[in-house]
Amino acid sequence: MKSPEHVRRVISALRKEGPDKLQVVSDFDMTLSRFGFNGRRCPTSHNILDNSQVISEEGRKKLKDLLHYYYPIEIDPNRTMEEKRPLMVEWWTRAHGLLLQQKILKRDIAKIVEESEVMLRDGVNTFFDQLHQHNIPLFIFSAGVGDILEEVLRQAKVFHPNVNVMSNYMDFDDKGVLRQFKEPLIHTYNKNGSVLEKTDHFQQLSSRTNIILLGDSMGDLSMADGVANVENILTIGFLNDKVDEQRGKYRDAYDVVLEKDETLDVVNGILCYILGDLN
């Protein structure tokens, strides 16, 4: 924490004003899902598809090449967001183009997720259940694949009615074959008001002016831009990769930074305190 005093003040305000004024806005990949396990990288919602049996060997290789080229750009602390943005659009567009060639079937999604190595962070059930029990809306704003992400939540039995997802959704034809990705394209660095214009999610929650925001990249900090009249916001950032190089930047940007933490323990502890479940 750069300013423990600020964090203390915000958490006290969130507790004082109670659950009725609170909403949680979160990224999904490498924020609610794990970055790694036993020294191996865990798949993102895009990777779940890329690594699955429904993708041809050649398709897998091309998707991996894109990852190796663009991922270092995505996390490069020396490039500005303005520099990164067009390159992220390029990456997502090329990756989605490759996926379209694979003739993915809607009916295979559940099996693809089931057979994947995706892992949610430790403490994820407590997190989702606490929010559900207290009727606190959780808005998941993801640059991943919405259909895959929702299936991950469904199989983990945490896709409660208070959960709303904004992501890149597949569009299937009447035979259930993937024909395109729906607009707008959401990538790491445009998760803000510009893509939220098509949803009235935040307007419906106009009384919920207190926010806990969870993310793992600089682009995630703008996820709550669509919320009008924010009173208190606590931002919690998961620093998963290139920790030493990125530490300073993350500490300046997020209120709380969790380094190489594969759990939601800190988040759950804060929620517990805010909701009065802990003295």
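The values are calculated or read from the model by the stated rules, or taken from the named source; none is laboratory data. Please read these numbers as outputs of a predicted model, since none were measured by experiment. Note: ideal-geometry Cβ built from the backbone for every residue, glycine included; neighbour counts use all protein chains shown. The protein model used for the area step is the full one, side chains on, heavy atoms only, and it has no ligands, DNA or RNA in it. Shrake-Rupley method; radii C 1.70, N 1.55, O 1.52, S 1.80 Å.
Give the residue that is surrounded by the fewest Cβ atoms within 10 Å (Cβ to Cβ), with candidates limited to residues of region 211-245 that are in a helix (DSSP H, G or I) and not β-branched (Val, Ile, Thr).
Of everything passing the filter in region 211-245, Asp244 is surrounded by the fewest Cβ atoms within 10 Å (Cβ to Cβ).
Checking the conditions here, which among Leu258, Leu205, Leu196, Leu275 is in contact with a Phe, Trp or Tyr (Cβ under 9 Å, 6 or more places away or on another chain) and within 21 Å of Arg9 (Cβ to Cβ)?
Leu258
Among the strands (runs of 3 or more DSSP E) lying completely within region 105-191, list those that include at least 1 residues that are of a type outside the set (Gly, Ala, Ser) and open to solvent by 10 Å² or more (accessible area, probe 1.4 Å).
Fully inside region 105-191 and qualifying: 163-168, 170-172, 178-181.
Could you list, in sequence order, all residues of region 1-24 that are under 12 Å from Tyr273 (Cβ atoms) and loosely packed, with under 13 Cβ neighbours inside 10 Å?
Across region 1-24, the qualifying residues are Arg8, Lys16.
Out of (1) modelled with pLDDT of 95 or more; (2) over 30 Å from Val177 (Cα atoms), the odd one out for Asn78 is which?
Evaluating Asn78 over (1) modelled with pLDDT of 95 or more; (2) over 30 Å from Val177 (Cα atoms) leaves (1) as the failure.
Give all pairs with beta carbons closer than 6 Å in which a residue from region 200-213 that is in contact (Cβ under 8 Å) with a residue 24 or more places away in the chain meets a residue that is surrounded by 11 or more Cβ atoms within 10 Å (Cβ to Cβ) and of a type in the set (Gly, Ala, Ser); count only pairs at least 6 apart in sequence or on separate chains.
Pairs found: Phe202/Gly226; Ile211/Ala224; Leu213/Ala224.
Just one of the numbered conditions (1) among the basic types (Lys, Arg); (2) touching a strand residue (DSSP E or B) at 6+ places or on another chain (Cβ under 7 Å); (3) over 19 Å from His46 (Cβ atoms); (4) surrounded by fewer than 17 Cβ atoms within 10 Å (Cβ to Cβ) is not true of Arg208; which one?
(4)
Could you list, in sequence order, the residues of region 2-37 that are within 22 Å of the chain's Cα centre (by Cα) and at positive phi?
Met30
Among the listed residues Gln23, Gln101, Gln53, identify the single one that is in contact with a strand residue (DSSP E or B) (Cβ under 8 Å, 6 or more places away or on another chain) and of a type in the set (S, T, N, Q).
Exactly one of Gln23, Gln101, Gln53 is in contact with a strand residue (DSSP E or B) (Cβ under 8 Å, 6 or more places away or on another chain) and of a type in the set (S, T, N, Q), namely Gln23.
Exactly one of (1) in contact with a helix residue (DSSP H, G or I) (Cβ under 6 Å, 6 or more places away or on another chain); (2) in contact (Cβ under 8 Å) with a residue 40 or more places away in the chain; (3) closer than 26 Å to Gln246 by Cα is unmet by Ile73. Its number?
(2)
Could you list all residues from region 64-79 that are in a helix (DSSP H, G or I) and surrounded by 13 or more Cβ atoms within 10 Å (Cβ to Cβ)?
Lys64, Leu66, Leu67, Tyr69, Tyr70, Ile73, Glu74, listed by residue number.
When residues of region 246-279 are filtered for being open to solvent by 40 Å² or more (accessible area, probe 1.4 Å), part of a helix (DSSP H, G or I), under 19 Å from Ile211 (Cβ atoms) and in contact (Cβ under 8 Å) with a residue 60 or more places away in the chain, how many remain?
Residues that pass the stated criteria total 1.
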